[in-house]
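Data first, discussion second: the structure below is written as structure tokens.
Every read-out reported here was derived from the displayed coordinates using simple, explicitly stated rules and does not represent laboratory data. Fair warning: this is a prediction, and the values are worked out from it, not measured in the lab. Please note: Cβ atoms are built from the backbone with ideal geometry, for glycine as well, and neighbour counts cover all protein chains shown.
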Amino acid sequence: MRHRAKVAVIVAACVVVVGTGAAFAAPVIYRSFIAAPPAKVPSLGVDDSTLDTGSGETLDPAALSGTWVPSDGSEAGYRVDEVLNGTPVTVTGRTEKVSGTVRTEGLQLTAARLEVDVASIATDNGSRDSYFRDNALRTNEHPTATFELTEPVSASSAPKAGAAVEQKLAGRLTIAGVTRDVTFSAQASTDGTTARVVGRIPITFADFGVQAPDLGFVKVEPSGYVEFDLKLVRE
């Protein structure tokens, strides 16, 4: 009986050790093998294949004037870091439901207003998305987020076709019914017919009345990014 008791104790100890190890290893396994990798940070490369770079000729500023709208392939969303049982995980959510207008006069960006259907933003986890919609952003009350440019921006010289340029933008960002002034950098390129604009806006959730979840086993960092990748065509 003593021998059997000893064996039972050893087996029980092994189960506890294995179980404890699994509890600590599970988040690492989730991050490395189960969770979808986070989307890339929006950025323009010098060889952006979505634009016709032609011979790289300098564009006529007058030909750039007009009203531009998001087309198929545009997307927006968020990037946050969370800690799952001590393991850091980066989460990105995206939606292609982006609308609005961007107006230019020659080399000047004169106005922009963009709207995102936040209720359609999705990650790789339905439970997380439900919390995001129902608790964090209360999309039944505030179904969209908006950005409106508040200061015109001018380029110093005419761009070459397909070349990426970077500008600092200022505007008003509205999330969950709360509006805050924001400034951020954005990159843009155009071939004169289509254009692409990408960027990320750093935010602190509390500034918009959004409580970052802290559920013990998972804790979301208090700040993150709104990210966008716009493919624009003339209206």
Net charge near SER154: determine it from the other residues with C-beta under 12 Å of the C-beta of SER154, scoring Lys and Arg +1 and Asp and Glu -1.
-> -1
Residue-by-residue Karplus 3J(HN,Hα) for segment 198-203, coefficients 6.51, -1.76, 1.60, Hz, glycine and proline x = 10, x, 9, 10, x, 9
The answer for the net charge of residues other than ALA111 whose Cβ lies under 9 angstrom from its Cβ, with Lys and Arg +1 and Asp and Glu -1, is +1
Read phi for every residue in segment 119-130 and hand back ³J(HN,Hα) as whole Hz from Karplus 6.51 cos²θ - 1.76 cosθ + 1.60, θ = phi - 60°, with x for Gly and Pro.
-> 5, 9, 5, 10, 10, 8, 9, x, 5, 4, 5, 5
For segment 95-166, diffusion coefficient by Stokes-Einstein and Kirkwood Rh (Cα), 20 °C, 1.002 mPa s, µm²/s | 145 µm²/s
At a Cα cut-off below 13 Å, give the aspartates and glutamates reachable from LYS168, other chains included and same-chain residues fewer than 8 away excluded.
-> GLU151
Most exposed first by the Cβ proxy, i.e. fewest other Cβ within 10 Å, how do ASP181, ASP229 rank?
-> ASP181, ASP229
Proximal aspartates and glutamates to LYS40, defined as alpha-carbon separation beneath 16 angstrom and excluding residues fewer than eight positions away on the same chain = ASP48, GLU75, ASP81, GLU96, ASP124, GLU227, ASP229
